[in-house]
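The values are calculated or read from the model by the stated rules, or taken from the named source; none is laboratory data. Bear in mind the structure is a predicted one, so any value in this text is a computation, not a measurement. Here Cβ is always computed from backbone atoms with ideal geometry, including for glycine, and neighbour counts include all displayed protein chains. We work out accessible area using only protein heavy atoms, side chains counted, and drop any ligands, DNA or RNA first. Shrake-Rupley method; radii C 1.70, N 1.55, O 1.52, S 1.80 Å.
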Amino acid sequence: MNEWIEYMDENRYVIHLGELCKLLLRNIWIIILSTVLFCGAAFTYSAFCITPLYQSFIKMYVNNSTNTSDATSITSSDIAASQNLVETYAVVLTSRPTLEAVIEQSGVDYTYEQLQSMISTASIDETEVFQVIVTSADPVEAAEIANAIAEIAPDEIMEVVSGSSVKIVEYATVATRKSSPDNTKNALIGAMVGFLISCGGILLFSLLRNGMSVEEKIRRDFKDTAVLSVIPFMGKKKKRKKGKAVEEDAELCGQLSFASAESYKLLRENISFCFSEDASCRIIGVTSSMKSEGKTTTAINLAYTLALSKKKVCLIDCDFRLSSVAKHLNLHRKSGLTNFLAGKQMKSNLLQSYKTSEAGFSVILAGDAPPNPSELLGSKRMREVLDLLSESFDYLILDLPPVGIVSDALTVAQVIDGMIFVVREDFYDRRVMRESMRTLKGVNTRLLGYVVTHSTSLKKEYRRYGSKYGYQYGYGYGDNYGSEERKDGLQETGEPEVRNSSLKHSGKTEA
């Protein structure tokens, strides 16, 4: 996320000057180094790569009075006329006949066009005096050409412009100092260019690297639904494996960092505003566009956070194709919901309990991977299970498959009270998101809001970390339970009381 620029709507962005200055100050050494390097490069180029030029000039006085014997007879109209003639004289001085005569007299090896480009004229402070400036790489040559013009110009001018006279005020001398380049000026320009390029590069890199936060993108692209919470990833950065997405160790339940715990509490409070107070049980589905976006972690931590507020919660693993709740919570893998829905298991022993020293909740695992997961989720027996559990719990949290890959989650859209959509920050794809939203709206799903996971927007406040992670669109089938045990220090606990005796807990966790 860029702290210095904030998206408001399609036509408005707000730039925070304070944050912008902080960004530049954090990179002050880059700016200083760039400024010094450009300054040195400009000075070196100016001093050693540009041919120095020298200027010599002559000054001429223009008099338009036909009576030059008595100085008192010169009127103001004569002076005005003389000033107007300066431009005319400049044209005559740079005409081909005049310059060819100068070339012949000075003996220089230039064409008319070359010599013309070396000569310039200018009036001196709006007086009748004007000067002719000759620029050359050879100071002696510049002086010789200027003096040749001083000898030839008066006769040429008086021949063209009748009733006027030109007098030489000052002849040219050999220049001792070069007129260009100005090494100091060029060095300052180089320093300014280096400063601007470094500042612009820092801002551009910040935009390309961070860009608009996913929260801001969601607000821009999907205005009708709010972002319920942004969950920071506080784990260690891992290198990406070639061709595969990297799975990071998730923060779960009692192991939540302060930042993550507060983010899930915010999610809990925002969800509470989505339902009326007289609702007996809220059935909430959790899904995403694709796998590895953190939906299972979100479902587990939401259940745990709700349990912290003294709510009776049951987490149900409905991702029959790639279930992972048992692995995350280190629960005993056995027959689960799929076995019951297929008629291969009785209602008893479905529930397991998970508890830390602070809170606990009930869990129903997915069971064996079936060949027809969509049919099982949309079956009548599934509705009966949810109705039965609703009598005993305040919240039912369903960990559903990604809607962008399979349609399983859509089969229970009519029986849940709302859906939470999980978006991983570095997986955000507007096209995929739009398609997922179109799919959910097609079955009239009530979307409670979005949860952004693996966010870097809070890294400044909690911890600096970087790198984005790759991902795949594929979604596997079959058994994905691991044999590793989590060393989370969880305590063995009993199960919460269930008002319906037909559903019994299977016992304590093996953690």
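So GLY367 ticks every box in (1) open to solvent by 40 Å² or more (accessible area, probe 1.4 Å); (2) in a loop (DSSP other than H, G, I, E, B) but one. Which box is left unticked?
(1)
Select from the range 385-435 the residues that are small (Gly, Ala, Ser) and modelled with pLDDT of 90 or more and write down the one among them that is surrounded by the fewest Cβ atoms within 10 Å (Cβ to Cβ).
If we take residues in the range 385-435 being small (Gly, Ala, Ser) and modelled with pLDDT of 90 or more, then GLY418 is surrounded by the fewest Cβ atoms within 10 Å (Cβ to Cβ).
Please specify each residue of the range 156-176 satisfying the condition of being outside any loop (DSSP other than H, G, I, E, B) and either buried (at least 16 other Cβ atoms within 10 Å of the Cβ) or not acidic (Asp, Glu) (or both).
GLU156, ILE157, MET158, VAL160, SER165, VAL166, LYS167, ILE168, VAL169
With the structure loaded, tell me whether CYS318 is modelled with pLDDT under 95, under 38 Å from the mean Cα position of the chain (by Cα) and surrounded by 24 or more Cβ atoms within 10 Å (Cβ to Cβ) or whether it fails that test.
When the stated conditions are applied, CYS318 passes them.
Among the residues that make up the range 177-185, is at least one of them crowded, with 19+ Cβ neighbours inside 10 Å and either out of contact with any Cys (no Cβ under 9 Å at 6 or more places or on another chain) or assigned to a loop (DSSP other than H, G, I, E, B) (or both)?
No, there is no match, as no residue in the range 177-185 is crowded, with 19+ Cβ neighbours inside 10 Å and either out of contact with any Cys (no Cβ under 9 Å at 6 or more places or on another chain) or assigned to a loop (DSSP other than H, G, I, E, B) (or both).
Conditions (1) within 22 Å of LEU322 (Cα to Cα); (2) within 35 Å of the chain's Cα centre (by Cα), marked per residue:
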| residue | (1), (2) |
| --- | --- |
| LEU386 | yes, no |
| PHE393 | no, no |
| PRO401 | yes, yes |
| GLN414 | no, no |
| ILE420 | yes, yes |
| ARG431 | no, yes |
| ARG434 | no, yes |
| LEU447 | no, yes |
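Looking only at the range 255-289, count how many residues are modelled with pLDDT under 90 and within 23 Å of LEU440 (Cβ to Cβ).
7
Find the residue count for the range 165-181, including only residues that are touching a Leu at 6+ places or on another chain (Cβ under 9 Å) and basic (Lys, Arg).
1
Considering only the range 8-59, how many residues are among the small types (Gly, Ala, Ser) and either in a strand (DSSP E or B) or surrounded by fewer than 14 Cβ atoms within 10 Å (Cβ to Cβ) (or both)?
3
Pick from the range 437-455 the residues that are outside any helix (DSSP H, G or I) and hydroxyl-bearing (Ser, Thr, Tyr): which of them is modelled with the lowest pLDDT?
The qualifying residue modelled with the lowest pLDDT is SER455.
Which residues, counting only those in the range 194-223, are open to solvent by 70 Å² or more (accessible area, probe 1.4 Å) and part of a helix (DSSP H, G or I)?
PHE195, LEU196, ILE197, LEU204, PHE205, LEU207, LEU208, ARG209, GLU215, ARG219 - these are the residues of the range 194-223 that are open to solvent by 70 Å² or more (accessible area, probe 1.4 Å) and part of a helix (DSSP H, G or I).
Being at pLDDT 90 or above, in a helix (DSSP H, G or I) and surrounded by 12 or more Cβ atoms within 10 Å (Cβ to Cβ) is the filter here, so list the residues in the range 102-116 that pass it.
Those that are at pLDDT 90 or above, in a helix (DSSP H, G or I) and surrounded by 12 or more Cβ atoms within 10 Å (Cβ to Cβ): VAL102, ILE103, TYR112, GLN114, LEU115, GLN116.
Out of the residues in the range 436-445 that are surrounded by 14 or more Cβ atoms within 10 Å (Cβ to Cβ) and not small (Gly, Ala, Ser), state the one that is nearest to the chain's Cα centre (by Cα).
Looking at the filtered set, the residue picked out is MET437.
Yes or no: PRO97 in contact with a Lys or Arg (Cβ under 8 Å, 6 or more places away or on another chain) and either β-branched (Val, Ile, Thr) or farther than 18 Å from GLN55 by Cα (or both)?
no
Go through the residues of the range 279-294 one by one and say whether even a single one is of a type in the set (A, V, I, L, M, F, W, C) and either over 25 Å from ALA226 (Cβ atoms) or surrounded by fewer than 17 Cβ atoms within 10 Å (Cβ to Cβ) (or both).
yes
Okay, residues lined up against (1) within 19 Å of CYS314 (Cβ to Cβ); (2) of a type in the set (Phe, Trp, Tyr); (3) outside any loop (DSSP other than H, G, I, E, B); (4) without any contact (Cβ under 8 Å) to a residue 24 or more places away in the chain:
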| position | (1), (2), (3), (4) |
| --- | --- |
| VAL363 | yes, no, yes, no |
| LEU376 | yes, no, yes, no |
| ARG383 | yes, no, yes, no |
| LEU389 | yes, no, yes, no |
| PHE393 | yes, yes, no, no |
| GLN414 | no, no, no, no |
| VAL432 | no, no, yes, no |
| GLU435 | no, no, yes, no |
